[in-house]
Amino acid sequence: MLAPGRPHPYRKAWLDFNCDVMVKVARFLEQIVHSVSPKTKLGLMCSMPNHHALEGRDWKAFTSALSGSEKLVARPCMMNYSEDSLRGLYESEWMLRQT
């Protein structure tokens, strides 16, 4: 599914199926939340950029369904959950820029 080179037709079918499921779930959640609290902003915490970009997901369709008429809130992944290495600060800054 994630092999380099020209995508196999099964990959497109798989990604289309995943997109359809993700968008339907996001839209369902958005409608439920906004039926109770129309001004609530929904969002998500991003995964590491090299992971969430690899799969070729349709992020525009997903985030549009999740946010509805409100602006999407997003928390970028920063991964520096401990202070044992200065490298973690560099990686956090890289992830913010990539996201």
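The values are calculated or read from the model by the stated rules, or taken from the named source; none is laboratory data. All of these numbers come straight from a predicted model, not from anything done at the bench. Note that each Cβ is placed from the backbone with ideal geometry, even for glycine, and that neighbours are counted across all protein chains shown. Heavy atoms of the whole protein, side chains included, go into the accessibility calculation; ligands, DNA and RNA do not. Shrake-Rupley method; radii C 1.70, N 1.55, O 1.52, S 1.80 Å.
Numerical summary
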{"read-out": "Carbon + sulfur, % of accessible area of the chain - ligands and nucleic acids excluded, 1.4 Å", "value": "61"}
{"read-out": "Per residue accessible area in Å² of the chain, where ligands, DNA and RNA are left out and the probe is 1.4 Å", "value": "77"}
{"read-out": "Rough spin-label spacing in nm, given labels placed 7 Å along Cα→Cβ, for ARG75 and ASP16", "value": "3.6"}
{"read-out": "For the chain, with +1 on Lys and Arg beta carbons and -1 on Asp and Glu, the positive-most of MET78, GLY88, GLY68 along the dipole", "value": "GLY68"}
{"read-out": "FRET efficiency, LEU89 to TRP59 (Cβ-Cβ, R0 22 Å, nearest 0.05)", "value": "0.25"}
{"read-out": "Contact order normalised by residue count of the chain, Cα under 8 Å, 6+ apart, percent", "value": "28"}
